[in-house]
Each structure stands twice: as C-alpha cells, then as structure tokens.
Amino acid sequence: MFGYLTMRRRFMTWQMTRGYRNYYCGTCFGLQYGYGQISRFLLSYDVALLGILMRCHEDPLRECYICHGNRKEKFCMFSSEGWNRMAAINLLLVNEKLKDDINDDHSIKARLAQIVLGEKIRGAIRKYPEMAASIARGYEEIYDLEKRNSGVREIGECFADMMENTMSAYRPLKEWEREYLRGISRWIYYIDALEDYEKDWKERKFNPLKKEDASTFYDYIRLYMGTVWDDLQYLYEPIVKVLETMPKETVEERLLVSMLRDNIPYTTSRVLSGRGTGKIKIGSVWEDPL
C-alpha cells in the first residue's frame, strides 16, 4: 500500500513544487538522521504527504537542500521531534509491509530487509510505543477481517481507523484533517485492491473485490462496473465534502487540495484504464508519466 499518494508537476505552481520537494526530501533526511542511511531507501510518497498534513516543515518555501553537503544545518533541522515521528511512521509502516510479504509470499528479500533493519525498527517501537501499537493493532484487525473474507469497505474503514489513531498519537487532529486522512486512507486500500486484482487472482491471494466469474481485471471491470461506480461514489463523497470545508491558503493546504482534486482522480483513471501506477511508484517525483 505504498506509492499511490504522488504529486505531479503538471498540477503544481512553482511554489507548490518547491514545497512538495522540501517535504519529500525532508522525510528522507528525517529517516537519515533518525535511523541511518539505509533507511532512506524506504522513503514513501505516502508518508511525505502525511508530513504535509502534519506541517512538519518550518519553511516549506525555502531553497531546497541537496542530498550532500550542509550536514550540520540539515541535522539541526531534520532531527527535530516532528521529523523523527514522521520517519518512525515510515519505518513502522514498512515493517508491516515486510511482515505481510514474508507471511504471504515467503519473500527472502523481505526477510533479509527485516533482519538488516531490525534494530532500527525496534528503536522506532521503543521511542514511539503508542504509534507502533496503533499500527500493529490496526494491521492485526485488517488481517482478521481478510481471513473472514470481509468486504472492501469494511476493511477500508479499518485501515482508515488505524491511520487516524496513528496520526492522532502524533498530535491532535482538526476535524477536516481527520476527514482528509480517513478519505485518502479508504482510497489507498481500494485502489491497491483494484490494481492488484488480477495478480491476486493468479496467485490465489485474498482480494476483497474478487469475484468467482471474473478471473481478470478486464472481466471484473466489464461485469461489475456498477459495483465499481458505487464504490467510487462511496470513496469520493467524503473527499468532496473535505474539499468544500478545508482551508486553502498555505502552500501545504494547496498541496493537500491538489492531491484530492487532481492527483487522486488521475491515478484512479490510470488504474481503471488498466495502465496501473507502476511507473509512478518507481519513477522520480519530478517525472510526469506518459
């Protein structure tokens, strides 16, 4: 469930571009100064957006730092409590993803990564036990629902509960922030299930959207377009309400608006058309997919 909340330059002004880069790079530096160089490879677009929602950056429009140099200055800025918490959230979410890959696929790569990062992960758990417990408990509830073959909406709400509880442990949330977080969380779970539909069918894995008479993504869209439309309405109605009520003054708020208004619909349309988001996930944040 990583890599869906990406920003595209085509939808941003230069101020928004600079602000997003500062948050994306800030999350990377937070990982570096909180948990070491190797942890930077775990950087998630989704956690960068959470950093924007939590307003981690003191000055998002300042000139962006480069990867090398200014170590002392970057250390002073990105070893703060706020960035440490965001780095810990990134690490704890990746840990759950690794455990999922180990349990489902018996992935050797995931097992090795967990061994290499084991001490860093344990450090994050010790430092932020409330956030760690919220994430672990949330994923246990999700796995339990999956074992019971629950529907995508029920599991999506469980995922939204987990993210709300985790970020509430970071700091108290305003009402629009809470609804924003829940809206993007439901969407992430749904779009991940939709994109992985055919892969999960072939590998005989659980997918809350799976239908016995639709073994391919094309068949599912063709036969169950009404269901897809109802699910998208269910997902977008809360998002539209948040767009109407949330503030839109600061660069962070404009980035959050663009995510709901531009980037989520763009990614949804790519998945529905069968093109997926593979290039978006592994590409540079400054590349616009064709």
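The values are calculated or read from the model by the stated rules, or taken from the named source; none is laboratory data. Note that the coordinates shown come from a computational prediction; the quantities given were computed from them, not determined experimentally. Reconstructed Cβ throughout: ideal geometry from the backbone, glycine too, with neighbour counts over all protein chains shown. Just so you know, the surface numbers come from the protein's heavy atoms only, side chains and all, with ligands and any DNA or RNA stripped out. Shrake-Rupley method; radii C 1.70, N 1.55, O 1.52, S 1.80 Å.
Can you list, largest first and rounded to whole Å, the semi-axes you get for the chain by taking the square root of 5 times each eigenvalue of its Cα gyration tensor? Present the calculation step by step, with values, prior to reporting the outcome.
On the way: eigenvalues 177, 108, 65 Å².
Equivalent ellipsoid semi-axes, largest first: 30, 23, 18 Å.
Could you give the accessible area per residue of the range 121-280, probe 1.4 Å, as a whole number in Å²? Counting only protein heavy atoms, the per-residue value for the range 121-280 is 48 Å². Of the residues Met16, Ala110, Gly26, the one whose Cα sits farthest toward the positive end of the charge dipole of the chain, with +1 on the Cβ of Lys and Arg and -1 on the Cβ of Asp and Glu, is Gly26. Using θ = phi - 60° in the Karplus curve 6.51 cos²θ - 1.76 cosθ + 1.60, the 3J(HN,Hα) couplings for the range 116-121 round to 4, 9, x, 5, 5, 5 Hz; x is entered for Gly and Pro.
By the rule of a C-alpha distance below 15 Å, with chain neighbours fewer than 8 residues away ignored, the aspartates and glutamates paired with Lys127 are Glu81, Glu119. Coupling constants for the range 91-98 follow from the phi torsions by the Karplus curve (6.51 cos²θ - 1.76 cosθ + 1.60, θ = phi - 60°), and in residue order they are 5, 5, 5, 5, 4, 5, 5, 5 Hz; glycine and proline get x. Highest mean packing first, where packing is the average number of other Cβ atoms within 10 Å per residue, the peptides 127-140, 41-54 line up as 41-54, 127-140.
Please arrange Asp231, Asp213 by accessible surface area, largest first, computed with a 1.4 Å probe and ligands excluded. Walk me through the numbers on the way to the answer.
On the way: Asp231 10, Asp213 90 Å².
So the residues, ranked largest to smallest area, are Asp213, Asp231.
Pulled fully out, how much extra length does the chain show between Cys76 and Tyr234, if you take 0.36 nm times their separation in residues and subtract their Cα-Cα distance? If you can, show how the numbers build up before the last one.
Working: separation 158, 0.36 × 158 = 56.88 nm, distance 4.37 nm.
Result for the pair: 52.5 nm of gain on full extension.
Projecting label points 7 angstrom from Cα along Cα→Cβ for Arg62 and Lys174 puts them 2.3 nm apart. Taking only protein heavy atoms and a 1.4 Å probe, the accessible area of the range 8-94 is 55% carbon and sulfur. Computed with every protein chain present, the accessible area of Lys120 is close to 80 Å² [probe 1.4 Å].
Label point of Arg137 set 7 angstrom out along Cα-Cβ; within the range 30-69, no amide nitrogen lies under 15 Å from it. Note on Asn103 and Ile38: with the Förster distance fixed at 30 Å, the Cβ-Cβ geometry gives a FRET efficiency of about 0.85. A crude spin-label estimate for the pair Asn149 and Ser273, with each label 7 Å from Cα along the Cβ direction, gives 3.5 nm. For the range 25-64, backbone nitrogen atoms closer than 19 Å to the point 7 Å from Thr250 Cα along Cα-to-C-beta are found at 25-28, 30, 47-64.
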